[in-house]
Each structure stands twice: as structure tokens, then as C-alpha cells.
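Student: Provided herewith is a single structure, encoded as C-alpha cells, for subsequent inquiry.
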Amino acid sequence: MRQNIVRNVSELPTYGYGPRSGPWWGAIGFMALEGMGFAIAIGAYLYLYAVNPNWPIGASPPDLWPGTAEVAIYLLSIIPNEMTNRAAHRQDLAKVRTGLIVMVMIGTALLVLRGFEFAHLNTRWDNSAYGSIVWLILGLHTTHLATDVGDTVVLAVLMFTRHAKPRRFSDVSDNVFYWNFVVLAWLPLYVLLDWVPRL
Amino acid sequence: MAAEPRELRDDVLNGLQLSTQLERVWRTPSGFLGALMSVDHKVVGRRYIVTAFVFLLLGGILAILMRIQLAGPEKTFLSADKYNQVFTMHGSTMMFLFAVPVMEAFAVYLVPLMVGTRNIAFPRLNAFSYWMFLFGGCFLWISFALNVGPDVGWFAYVPLSSLQYTPTKRPDVWAQMITFTEVAALAVSVEIVVTVFKQRAPGMTLDRIPLFVWAMLVTSFLVMFAMPSIMVASTSLILDRLVNTRFYDSSSGGHPLLWQHLFWFFGHPEVYIIFIPGTGMVSAILATFARRPVVGYPVVILSLIATGFLSFGLWVHHMFVTGLPQLGAGLFTASSMLIAVPSGLQIFCWLATLWDGRPVYRTPLLFVIGFVVIFVLGGLSGVMVASVPIDTQVHDTYFVVAHFHYVLIGGAVFPLIGAVYYWFPKIAGRMLSERLGRWNFWLAFIGFNVAFFPMHILGLIGMPRRVYTYTADMDWAHLNLLSSGGALIFALSFALLLVNVIYSLRKAELAGDNPWNASTLEWATSSPPPPQNFDRIPVVKHRDPLWADNESLPVVAGLSAERREVLLTSLAEAEPQIREASPEPSIWPLLTAIATTVFFIGSIFTPWAVLWGTPPMAVALIGWFWPTGSKEDEE
Ligand code: HEM
Ligand SMILES: [Cu+2]
């Protein structure tokens, strides 16, 4: 078939931020399905809660401090996270590097704290269905946290090498976006794990 | 060094020069290693389609084994034990390794072409998805061959599948196979969604998207919302069996019904995950062979979306006999019946299209008409089992077996075979034989009905499902023999399809770009399409671009001709926004899939696999994302 050029797109940029770029939509997709995974796990928790006369089963509720400390750190982490985002939009390499390092440190601290949280659940996974679902949910969110931290580490390393090309700033911005989801996902899980057993 | 040369763009090249240059940039590297590195959606899609059909063949062989065993009373062809394995493998293979993957496979091949782009979004993820599917399927079948295949039904109900009742590794194999195939399916759905949202040709606004693409978009959302449920369910099952968690153990606060809820929250939408792509195929085929656009385009889209939503409200109808509260059962009966409405609307739109068009009855259209007939019958028996009093009567009888084969085979397999006849010329560059095609259709249609219609009656006169034999005094023998004969005829029709494909690949006439005079963009490029899909990205100004602009195709220029670039457009209006780099071929998706396989299989045997299995996966993922070898990073 004959072709008829009606438009030239050579002036378009080769990368973009947010909803203009492809990877951002990929991130949304993964958030949707991971979010669904969390929702299903929450549903399973509430189902077991509903069918059992005693809750928690044969255990006291988790100690509050590790989860609560995490909530505080998560919420505060939004500040350096947003600063990294702005630096990425300005393509300020020095600030982006600092921002990524800070975020790696925060993530690592949270992972350590997560260790304490497991230890303070006051139940083992094999004690009862209550213990099982609590460990499963915390395990899911920990996997989620660990992969995001791993991702941030790799990105940070990239930004210190010759791969720190302009379009990589868009990856940084997507990473920031994803972190906000990690934070957001934790809040309902915190209420569920730490407060529902105290009802 | 002189001033940096300006990048080579496609606006300075023309005709053959342009094709050759783009082919060099986009082709899959040669050799065996090159084949393992391919990230071309057409290469991956073709592999996906062929692999899924191999699983259909395997699942079909098992079906025939079952029908031989059931052909007469008290046969000893299969033992009770083997029969359990065979029907479990049949159901699992058909649902997880054939029906869902084959639909995704067609989407992987067709959607990028139909929306007018050069590759799928996230091509490496796409390659990874295929390897995961392949390894998961091989894992299941190798286990079966080694006599550790699952034997607890394709839904693996607890407590039967719990350690206490099934202390072998069989249910673990089943549960882990689920995770393999779900990872693959989830990856493909994200790719499809992003391809449709961001990579549509300029001007392909939301109301100009081909109906097959709409169907795959809705399906992708269903996968994203339904499959996490089965993954949570099967992971919990493995944990119960391996590290003593108590999710399904009623002695420690767990609950067997939790399994059924999680399973059917996925399992019901699963049926629509199989059926909705089938309707997309039907719409594509109908428009072409009725030689007019499908009547009621917006109605069809709204029905697709409504079906998607409703399918989540229905899972409980699989559990009417588990003693749910009355009100709940009433509600679910109502919504189960409601879902017949959007399906009915679509069927009216299709009939109106035929009525109003000038239909040419070639093989693909025959399969579509077969689909309508069978699916309407399946829908009727579906409305019957959706009502509680009837369901309590026929639950777990052959009536249900008849019903779901009518829906699955009528709703998905018939459109699928039609789609094979329809798109084969595009994929292979040659036509399938029309004469064999007609034989294929009539054998399939007659064989299918002879095989499955008697099962309705068998169910009503009391034959339960999942029995490996029955006694002569039950009076079930004649109908069973009839059914087995039908199954053989049905199987023969697939053999004929295979013959047709093999014959046509070599001997048949060349297809040309657009042999059916169809209207959508995949027909605007050569058959089979070159690695770059299109030399220039088309611009869409009508819902049926090739019918409206049949003299010359409007296109854009200005993309790179020396590296892989795709054009990103805006979500609603498809306005060009970005020229985004598209990944180069890579071996890392395969290595990541291998590492993941070791991790998944290892964790059936020891929880420590989670520790030693993770580092290789991490290394492979870093290799995957590390930007070496990308032309852009080496500038
Ligand atoms: C040659 C065509 C086929 C024949 C003759 C056939 C026959 C059968 C038979 C005899 C059963 C066992 C019923 C029982 O004992 O309870 C069965 C079960 C089943 N079939 Fe098919 N089938 C065919 C194709 C398919 C296809 C294409 C699909 C899906 C797309 C499918 C999905 C299933 C499922 C999910 C089960 C339930 C297995 C279970 O209870 O665990 N079948 N089929
Ligand atoms: Cu259902």
C-alpha cells in the first residue's frame, strides 16, 4: 500500500516523566496487582477473624512499638523521597545521588526494624491460623519492601557510573513513585496487624 | 574527531533502504543463542502459541484416555488411582497451560500489530513470561511422567490436598505449577495494558481501538485482579504442607472453606479470562467476513466491561452446596443470572452484523457460527445451574461436566480455531486449505455435540462426575459409548487441523498482505510481518483504517533508524508524546527464569530454598536491568 507521510515526530523527546512514560504505567500495573494481593490477604485475615470465636488465637496481640516506629519512619521518609523526585526533575545529579543514598539507608533501617517486628509478633507461624496469616501478611510486605530497597540500591549504583544519562532521571522518579506505594500499603496492614487484635 | 553526526532518522531513508535498515536494527540475532535472546513479540508470541497447542494436544490425549475408560461399564483400562491423576492433569493442563496461555499468546502476537507499534511494552518481561510458562508446564508434565503428578482435581480442594490426606508431593507440584503460570500471565497482562494505553498509533483514540484489543484489555484487568487470589491460596497451601502453617487446618483455627473462597474468587473470573478473548476473536472475524463493522461497537465494549465486573461477583455460585446463608445464596443467584445479559447483548450485536452484512462463509466464519450455537446452549444450562434448587440437584454430576465443556469449548475453543484459520496467513504468510477447513469444522461441530450433549442426560439420570467407572445396571452404558465416539470424532478434527497446518506451511499459496480484505492495522504490513512490524508508524483516522484509507496509508516519519525506538502516545487521544527506547535482545530473561524455576521447585522440598534461591535471582535481575549493550548508553 502507498504511504503518505502526514507528520514528522523527530522533534519529540526521547524520555519523559510520570504518565507520559511507559515504565510509569508499568509501575501502576504492578501496584495494582500487588495491591490486589494485599487486599486478598487482608480478606483472608478478616475471614479467619470472623470464623474464630477467639482472636488472636492463643497469643497476645503483637507488641506495638516496632510497627508504630515503622509507621513514623515511613511517613517521614516521604520528605527525602519527594526531595529526590524534585532533584530528578531538575536533573540535579549531585542531589539525586544524595537522595538515593538516604533512601537506601532508610530502607535498610526499616528492614532491620522488620526483623524486630517478627520477633515481637508474640506468635509463631505454626501456632494457629492466626499466627499463619499474621506471618504471611508481614512476609508479603517485607518481600515488597526488600525488592524496592534492592531496586533503589541498583539505581543508586547506576547513578554513580557512566550510566547516569538524562533519561535515567525518569527511572529515579518512578522509583520515588513506587516507594510511596510501599508506604501507602503499610498503613492499612499496620492497623490490621497491630490494632484489630486489640478490638 | 569531527562534529557528532546527526542520528540516522527514517525521514532521510525511503523504500527498500528504510526496510533493510530497520530490519537490521530490529531483527533477532541469528543462531541458537540469538533465538534464546529474542525479545521480538512475534517470535515470543509464535512460541507461546505453539507451546499452548502442544499442551492442548497433551490434555486432549488425556481426555481420550478418560473417554476410553468410561466407554463401557466396569472397564479396567485405567485404575481408579490413574483416573484421578488423569482428570486432574486434564483439567489443570486445559485451564492453566492451554486456555489462558493460548489467549495471551495471541494477544502477544497480535495486539502490538493491531495498535500499530513496533514491539510490545516491556519486551524482556515478555520473554521472561514465556520461559516461565514453558518451565512451569514442563515441570507439571515431567512430574506426571515420573509418577508424582497431582491427583486432587484441578481445584485441589483442601482438606483432600492437605498433608494429612495426601502426604505425597503431588499437591505441591500442582500448587507450584500454579505459581509459575500465574507469574507468566500477570506479566503479560501488564504488558498488554501498557501497550494499549501508551503505544497506540497516533490518532487511534479510545473509540477506534479494534474490538479484539478491547477484549484483551479487559481480560488483562481480570487477570490482574483475579490471579493474585489463587497465588495467595496456593502459597498458603504449600506453606501448610511444608512449614506447618494452619491456614486450612480446622483444628487450629484455620478453615477449609477459606480455600474455596480464594479459589473461586479466581476460578470464576478465570472462565471469563478464557471467554472474553474468544469474543474478541469473534468480533474480529465477523467484521471481516460479514464485510461490515460490528454493529453496536460501544454496546460491545460496554458489555465486555460489564462482564468483567460481574464476573467477580459470582464465585459463590460454585459453593451453593456448602451451606451458605440463604440471603447470600439469593444474591449470588441473581448476579449469576445477570451476567447472561451482557453476553446476550453481544450475541445480538453479532447476529445483527451478519444480518446486515454481505457474509462470505469461509472457514473462520463457520467456526464463529458454531461458537454462537454451542455457547447459547452452554449459557442456557449455565442459567440453570446458577439457580440454587437446580444446582443442589445436579451438583457434581455429568450435567455440570456437560455445561462447562459447552461454555469452555463453545466460548473459547471454537473462536480460537476460527482465529487460527483467520490469522494463520498473517503469521505464516500462507493460507490454510479451505477444503480441509470445512471438514475440520463439520467434524468438530458434530463430534463435539455427540460427545458432550449426552452428558447432560447422564447427569440428570444421576451419573456423578469424577468417577472412574460405573456398573452395568445403572443404564449409563449407551450414552457413555455415544459420548466416547463423539470425543473421538472431535479429536479427529484436531488431527485434521494439524495436517492442514503442516501441509499449508510448505505447499499452500502465499497470502499477501491482506488476503481477507480486513480493516485493522495488522493487515497493513507484509505477511509475515518484518521484525520492525511497520516501516513507518501508521496514523489512524477511522475505526476501520484499511477500509477508509484503502488507497494510501497515512504515516508518521522521524523515528530513529539506527536504534530501537517506539512511539508513545497519550492515553485517550493517542497524540504522539515520546520516542522511547525499546530494549535490545538479552539472555537475562531466560537466566532469570531458570533461577526462578530453581527457587520455585527447590521450595517444594525445603524452606531453605528461599535463602539459597534468592541470590541467583537477584543477580539475574540485575543483569537484566543493567543497561550495558543498550545502544543509547554507549553513545
Ligand atoms: C477432546 C475434548 C475434551 C474431552 C473429550 C473432555 C472430556 C472430559 C472428561 C471425561 C472429564 C472428566 C469428568 C469427570 O470425570 O468428572 C473432563 C474434565 C474436565 N475438562 Fe475436559 N474434555 C475435553 C476438552 C476440554 C477443554 C478444551 C477444557 C478447557 C478449556 C476442558 C476442561 C476440563 C476441566 C476443567 C475438567 C475438570 C477436571 C476436574 O474435575 O478436575 N476439557 N473433561
Ligand atoms: Cu462460576
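The values are calculated or read from the model by the stated rules, or taken from the named source; none is laboratory data. Quantities reported herein were computed from a predicted structural model and do not represent experimental measurements. Neighbour counts run over all protein chains shown; Cβ positions are idealised from the backbone, glycine included.
Student: Mind checking which residues of the range B:208-244 are in contact with a Leu (Cβ under 8 Å, 6 or more places away or on another chain), buried (at least 24 other Cβ atoms within 10 Å of the Cβ) and either facing chain A (nearest Cβ under 7 Å) or under 20 Å from residue A:126 (Cα atoms) (or both)?
Tutor: Passing the criteria: B:228, B:229, B:232, B:233, B:236, B:240.
Student: Does the range A:38-56 contain any residue that is of a type in the set (S, T, N, Q) and in a helix (DSSP H, G or I)? Write out each step before concluding.
Tutor: If we filter the range A:38-56 for residues that are of a type in the set (S, T, N, Q), which is where we start, we get A:52, A:54.
Add one more test, that the residue is in a helix (DSSP H, G or I), and what stays is none.
No, the range A:38-56 contains no residue that is of a type in the set (S, T, N, Q) and in a helix (DSSP H, G or I).
Student: Taking only the range B:480-536 into account, find how many residues are crowded, with 16+ Cβ neighbours inside 10 Å and of a type in the set (Val, Ile, Thr).
Tutor: Residues meeting the conditions: 4.
Student: In the range B:263-311, what count of residues is obtained for those that are among the small types (Gly, Ala, Ser) and within 16 Å of ligand 1 (Cβ to nearest atom)?
Tutor: Residues of the range B:263-311 that are among the small types (Gly, Ala, Ser), as a first pass: B:267, B:278, B:280, B:283-284, B:287, B:290, B:296, B:303, B:306, B:308, B:311.
Checking which are within 16 Å of ligand 1 (Cβ to nearest atom) leaves us with B:267, B:278.
Counting residues in the range B:263-311 that are among the small types (Gly, Ala, Ser) and within 16 Å of ligand 1 (Cβ to nearest atom) gives 2.
Student: If you go through the range A:60-98 one residue at a time, how many are of a type outside the set (D, E, K, R) and surrounded by 18 or more Cβ atoms within 10 Å (Cβ to Cβ)? Don't jump to the end; show me each part of the working.
Tutor: As a first pass, look at the range A:60-98 and keep what is of a type outside the set (D, E, K, R): A:60-62, A:64-69, A:71-81, A:83-85, A:87-89, A:91, A:93-94, A:96, A:98.
From the residues that got through so far, the ones that are surrounded by 18 or more Cβ atoms within 10 Å (Cβ to Cβ) too are A:61-62, A:66-67, A:74, A:77, A:80-81, A:84-85, A:87-88, A:96.
The qualifying residues number 13.
Student: Can I ask one more? Scan the range B:555-584 residue by residue and report those that are of a type in the set (S, T, N, Q) and over 25 Å from residue A:2 (Cβ atoms). Break it down stepwise before answering.
Tutor: Of the residues in the range B:555-584, the ones of a type in the set (S, T, N, Q) are B:560, B:569-570, B:577, B:582.
Passing the criteria: B:570, B:577, B:582.
Student: Taking the condition of a type outside the set (Asp, Glu) and on the phi > 0 side of the Ramachandran plot, does residue B:156 pass? If you could, list the steps in order and put the result at the bottom.
Tutor: Numbers: of a type outside the set (Asp, Glu): yes; on the phi > 0 side of the Ramachandran plot: yes.
For residue B:156, the condition - of a type outside the set (Asp, Glu) and on the phi > 0 side of the Ramachandran plot - is met.
Student: Separate question: Any idea which residue in the range B:114-131 is nearest to ligand 1 (Cβ to nearest atom), counting only those that are away from chain A (no Cβ under 14 Å) and surrounded by 24 or more Cβ atoms within 10 Å (Cβ to Cβ)? Walk me through how you get there before you give the answer.
Tutor: Keep residues of the range B:114-131 that are away from chain A (no Cβ under 14 Å), which gives B:114, B:127, B:130-131.
From the residues that got through so far, the ones that are surrounded by 24 or more Cβ atoms within 10 Å (Cβ to Cβ) too are B:114, B:127, B:130.
Details: B:114: 24, B:127: 26, B:130: 20 Å.
So the residue we want is B:130.
Student: Only one of A:140, A:158 is touching a Lys or Arg at 6+ places or on another chain (Cβ under 9 Å) and facing chain B (nearest Cβ under 9 Å); which?
Tutor: Working: A:140 fails: touching a Lys or Arg at 6+ places or on another chain (Cβ under 9 Å).
Selected residue: A:158, the only one of A:140, A:158 that is touching a Lys or Arg at 6+ places or on another chain (Cβ under 9 Å) and facing chain B (nearest Cβ under 9 Å).
Student: On to the next question. Of everything in the range B:578-606 that's within 14 Å of chain A (Cβ to nearest Cβ) and within 21 Å of residue B:135 (Cβ to Cβ), which residue is modelled with the lowest pLDDT? Lay out the reasoning, then the answer.
Tutor: First pass over the range B:578-606, keeping only residues within 14 Å of chain A (Cβ to nearest Cβ): B:578-583, B:588, B:592, B:596, B:599, B:603.
When the remaining residues are screened for being within 21 Å of residue B:135 (Cβ to Cβ), the result is B:588, B:592, B:596, B:599, B:603.
Values: B:588: 96, B:592: 97, B:596: 97, B:599: 96, B:603: 92.
Across the range B:578-606, the extreme among qualifying residues is B:603.
Student: Turning to a different aspect of this structure: Restricting attention to the range B:389-421, report how many residues are more than 30 Å from residue B:501 (Cβ to Cβ), within 14 Å of ligand 1 (Cβ to nearest atom) and assigned to a helix (DSSP H, G or I).
Tutor: Our first condition is that a residue be more than 30 Å from residue B:501 (Cβ to Cβ); within the range B:389-421, this holds for B:389-400, B:403.
Of the ones still in play, those that are also within 14 Å of ligand 1 (Cβ to nearest atom) are B:394-400, B:403.
So of that shortlist, the ones also assigned to a helix (DSSP H, G or I) come out as B:394, B:398-400, B:403.
Adding up the residues that qualify gives 5.
Student: Here's a check for you: in the range B:245-262, which residue that is in a helix (DSSP H, G or I) and either over 17 Å from residue B:235 (Cβ atoms) or within 16 Å of ligand 1 (Cβ to nearest atom) (or both) is nearest to the other protein chains (Cβ to nearest Cβ)?
Tutor: Filtering the range B:245-262 down to residues in a helix (DSSP H, G or I) leaves B:250-252, B:256-262.
Those still in the list that are either over 17 Å from residue B:235 (Cβ atoms) or within 16 Å of ligand 1 (Cβ to nearest atom) (or both) too: B:250-252, B:257, B:259-260.
On the way: B:250: 9, B:251: 10, B:252: 5, B:257: 8, B:259: 10, B:260: 11 Å.
Ranking the qualifying residues of the range B:245-262, first place goes to B:252.
Student: Give the residues of the range B:567-577 that are surrounded by 24 or more Cβ atoms within 10 Å (Cβ to Cβ) and within 9 Å of chain A (Cβ to nearest Cβ), sorted by residue number.
Tutor: Selection gives B:567, B:568.
Student: Same structure, new question: Take the range B:49-84 and flag every residue that is among the small types (Gly, Ala, Ser) and more than 9 Å from ligand 1 (Cβ to nearest atom). Spell out the reasoning first.
Tutor: Going through the range B:49-84, the residues among the small types (Gly, Ala, Ser) turn out to be B:52, B:59-60, B:63, B:71-72, B:79-80.
Answer for the range B:49-84, where residues must be among the small types (Gly, Ala, Ser) and more than 9 Å from ligand 1 (Cβ to nearest atom): B:52, B:71, B:72, B:79, B:80.
Student: What do you reckon, is residue B:277 away from ligand 2 (no atom under 12 Å from the Cβ) and within 30 Å of residue B:208 (Cα to Cα)? Working first, answer last.
Tutor: Working: away from ligand 2 (no atom under 12 Å from the Cβ): yes; within 30 Å of residue B:208 (Cα to Cα): yes.
Here the answer is yes, as residue B:277 does meet what is asked.
Student: Take the residues in the range B:186-200 that are among the aliphatic types (A, V, I, L, M) and within 17 Å of residue B:565 (Cα to Cα), then tell me which one is nearest to the other protein chains (Cβ to nearest Cβ). So that I can check it myself, show each step before the final result.
Tutor: So the first thing to find is which residues in the range B:186-200 are among the aliphatic types (A, V, I, L, M), and the list is B:186-188, B:190, B:192-194, B:196.
Then keep just the ones that are within 17 Å of residue B:565 (Cα to Cα); that gives B:194, B:196.
Values: B:194: 5, B:196: 10 Å.
Going through the qualifying residues, I end up with B:194.
Student: Given the residues B:214, B:174, which is the only one that is in contact (Cβ under 8 Å) with a residue 60 or more places away in the chain and more than 16 Å from ligand 1 (Cβ to nearest atom)? Break it down into steps so the answer makes sense when it comes.
Tutor: Working: B:174 fails: more than 16 Å from ligand 1 (Cβ to nearest atom).
It is B:214.
Student: Here is a follow-up. Tell me the residue from A:19, A:13 that is assigned to a helix (DSSP H, G or I) and at pLDDT below 95, please.
Tutor: A:19
Student: Would you please name the residue that is farthest from ligand 2 (Cβ to nearest atom), looking only at residues in the range B:393-433 that are of a type in the set (Phe, Trp, Tyr) and within 15 Å of residue B:465 (Cβ to Cβ)? Don't jump to the end; show me each part of the working.
Tutor: Start the filter on the range B:393-433 by keeping residues that are of a type in the set (Phe, Trp, Tyr), which leaves B:398-399, B:404, B:406, B:414, B:421-424.
Within this subset, residues satisfying the condition of being within 15 Å of residue B:465 (Cβ to Cβ) are B:398-399, B:404, B:406.
On the way: B:398: 17, B:399: 15, B:404: 9, B:406: 14 Å.
Filtering the range B:393-433 for residues that are of a type in the set (Phe, Trp, Tyr) and within 15 Å of residue B:465 (Cβ to Cβ), the one farthest from ligand 2 (Cβ to nearest atom) comes out as B:398.
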